[in-house]
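See below for the structure under consideration.
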Amino acid sequence: MKEINWSELGKSFQDKSAEEILEYSFSELSAHGEVLFLTAFGPEGCVILKMIYDLASQQKIKKEKIIIANLDTGYQFKETLELKDTLEKTYQLKIEMIQPSLSIDQQNQKYGKDLFKSDPDQCCYLRKLVPLNNLLTGKLAWITSIRKEQSEHRAMAKAFEYDKKFKLGKINPLLNWTKSDIWKYIHEHKIPYNSLLDKGYDSIGCEPCTSPGEDRKGRWAGKDKIECGLHIQDSELEGEFII
């Protein structure tokens with residue numbers, strides 16, 4: 001596998017468009033290893049799916065190089081799962097649903113009922129971080145939908161960077177987009193999106209831990225937590241993917 005200088009890539013692509021970043025990722029980079037797009041079907045993810053579809057339709061990237069996945073925690077809203085089906089049909093792209101090794105019942109038996117209440121960090125670790133670590137093993141890079149204005153942690157990200165937690169490249173094509181940019185693009189291109197977004201939900205994760213709220217304030221409401229840990233490089237869980 002070719003050694004990639006992620007820092008230099010980040011510098012050279014800092015002013016490039018999201019489409020240019022995606023095209024480079026699925027054409028040039030994917031020649032050296034697998035590149036995966038992880039989506040939770042938020043508005044940003046829906047925008048990226050549309051861009052990927054357009055690039056494939058224009059034959060700028062090869063469809064067989066496209067890998068798309070979702071972390072299916074078992075707690076997703078039915079509206080989220082319905083959107084997944086709609087997006088697959090609309091853009092003719094297969095989305096792989098990645099599930100934890102433990103079912104919800106098995107997790108309840110091992111760690112106690114409703115771990116998301118008693119220890120949400122541990123619940124995110126078991127149902128998101130460990131499955132993602134397994135999914136990313138052997139991959140060259142993963143593509144995310146994060147934007148700088150979403151949180152302090154995300155504000156430090158680059159278009160291309162090395163992910164210390166998962167030990168591979170990390171690509172953030174929408175990093176410099178604003179919420180207004182996202183919704184303008186969605187409306188202009190008539191992109192399907194989660195119906196919960198019209199009901200006061202700005203950020204949608206697992207149903208038990210998501211409530212209406214601006215930006216990420218509706219995630220884990222009432223707790224000192226706004227991240228599941230996927231995008232925090234200095235997490236105390238870094239490098240400890242053991243059940």
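Relative to the current alpha-carbon distance between E3 and N176, full extension at 0.36 nm per residue lengthens the span by 59.6 nm. Between K184 and S27, residue separation times 0.36 nm minus the direct Cα-Cα distance comes to 53.8 nm.
Taking square-rooted eigenvalues a ≥ b ≥ c of the alpha carbon gyration tensor, is segment 69-141 rounded, prolate or oblate, where a/c under 1.5 means rounded and, failing that, a/b exceeding b/c means prolate?
Here segment 69-141 falls in the oblate category.
In terms of other Cβ atoms within 10 Å, S145, S151, S211 run from fewest to most in the order S211, S151, S145.
Applying a threshold of 24 Å to the alpha-carbon distances of K84/K190; K50/K84; K148/K184; K60/K167 flags K60/K167 as lying beyond it.
Between the C-alpha center of segment 36-72 and that of segment 144-186 there is a gap of 15 Å.
Note: relative contact order over segment 1-140, using C-alpha pairs below 8 Å and six or more positions apart, is 26 percent. Counting only Cα atoms, the size of segment 56-210 along its three principal axes is 50, 37, 33 Å, in decreasing order. Across segment 28-79, counting alpha-carbon atoms alone, Rg and Dmax equal 12.8, 37 Å. For the chain, the 222 nm mean residue ellipticity estimated from helices alone, with every DSSP H stretch of n ≥ 4 adding -39500 (n - 2.57) and the total spread over all residues, rounds to -9500 deg cm²/dmol.
The calculated FRET efficiency for Y75 paired with E149, based on their beta-carbon distance and R0 = 25 Å, is about 0.40. Take every DSSP beta bridge whose two residues both sit in segment 1-145; close to 0 percent of them are antiparallel. With respect to the chain, whose longest principal axis is taken over its alpha-carbon atoms, helix 43-57 is tilted by about 30°. Using a cutoff of 8 angstrom between alpha carbon atoms and counting only pairs six or more residues apart, the relative contact order for the chain works out to 24 percent. Between L93 and D119, the FRET efficiency from the beta-carbon distance, with R0 = 35 Å, is close to 0.50. For the chain, the share of DSSP beta bridges that are antiparallel, to the nearest 5, is 30%.
Read-outs: derived from the displayed coordinates by stated rules, not from any lab. None of the values given here were measured: they were computed from a predicted structure. Cβ atoms come from the backbone with ideal geometry, glycine included; neighbour counts cover every protein chain shown.
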